[in-house]
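The values are calculated or read from the model by the stated rules, or taken from the named source; none is laboratory data. Keep in mind that this is a model prediction, so the values were computed, not measured. Here the Cβ is made from the backbone with ideal geometry for all residues, glycine too, and neighbour counts use every protein chain on show. Please note that ligands, DNA and RNA were not included when accessible areas were found on the heavy atoms of the full protein model with its side chains. Shrake-Rupley method; radii C 1.70, N 1.55, O 1.52, S 1.80 Å.
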Amino acid sequence: QVQLVESGGGLVQPGGSLRLSCAASGSISSFNHMGWYRQAPGKERELVAGITSGGWTNYADSVQGRFTISRDNAKNTVYLQMNSLKPEDTAVYYCKLSDLGREYWGKGTLVTVSS
């Protein structure tokens with residue numbers, strides 16, 4: 001059974017930085033896609049950034065240039081470095097793994113950007 005565990009959320013002031021981590025465990029193939037999504041109160045869940053096992057990345061326009069997604073394939077872990085955070089980045093951030101036609105989600109970690 002595949003499990004995803006996120007960590008690194010918290011409260012940060014505008015302009016600050018946070019680094020999220022998501023560790024995947026279980027039976028996972030070598031070719032997969034991992035991504036970060038977020039859901040703010042009253043809004044739909046949206047893609048923040050994604051990365052393939054080969055390192056190809058994509059970002060939402062709203063975070064391009066401020067967030068960086070990376071991964072350690074040996075550890076089945078994906079990271080999201082978030083810089084220049086804005087109040088509108090406040091949301092629950094979820095990790096998703098797409099592997100062999102299935103999707104797995106973590107339980108989420110809350111990021112609050114506020115002074």
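Key figures
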| item | result |
| --- | --- |
| Residue-span extension gain [residue 19 to residue 70] - 0.36 nm each, minus C-alpha spacing | 17.3 nm |
| Farthest toward positive dipole pole in the chain [+1 Lys/Arg, -1 Asp/Glu at C-beta], among 9, 104, 58 | 9 |
| 5 Å-binned pair-distance histogram of segment 31-91 (Cα, whole percent) | 4, 18, 29, 23, 15, 9, 3, 0 |
| Paramagnetic reach from residue 39 (point 7 Å along Cα→Cβ, amide N under 17 Å) across segment 47-64 | 47-49 |
| Per residue, in Å², the accessible surface of the chain once ligands and nucleic acids are set aside, probe 1.4 Å | 54 |
| For the chain: relative contact order, % (alpha-carbon pairs under 8 angstrom, 6 or more apart) | 36 |
| Cα-centred dipole magnitude for the chain, charges only on beta-carbon of K, R (+1) and D, E (-1), debye, nearest 20 | 140 |
| For residue 2, distant residues with modelled amide H under 5 Å away | 27 |
| Inter-label distance, nm, simple model (7 Å from Cα along the C-beta direction), residue 52/residue 103 | 1.9 |
| Accessible surface ranking that places the most exposed of 44, 103 first, with a 1.4 angstrom probe | 44, 103 |
| The chain: projected area of the alpha-carbon convex hull, averaged over directions, in nm² | 6.7 |
| Accessible surface of residue 114 - all protein chains present, 1.4 Å probe, nearest 10 Å² | 60 |
| Note, ³J(HN,Hα) from phi for segment 19-34, Karplus 6.51, -1.76, 1.60, rounded to Hz, x at Gly and Pro | 10, 9, 10, 9, 9, 9, 9, x, 7, 10, 6, 6, 10, 8, 10, 10 |
| Portion, in percent, of the accessible area of segment 1-75 that falls on carbon or sulfur, probe 1.4 Å | 48 |
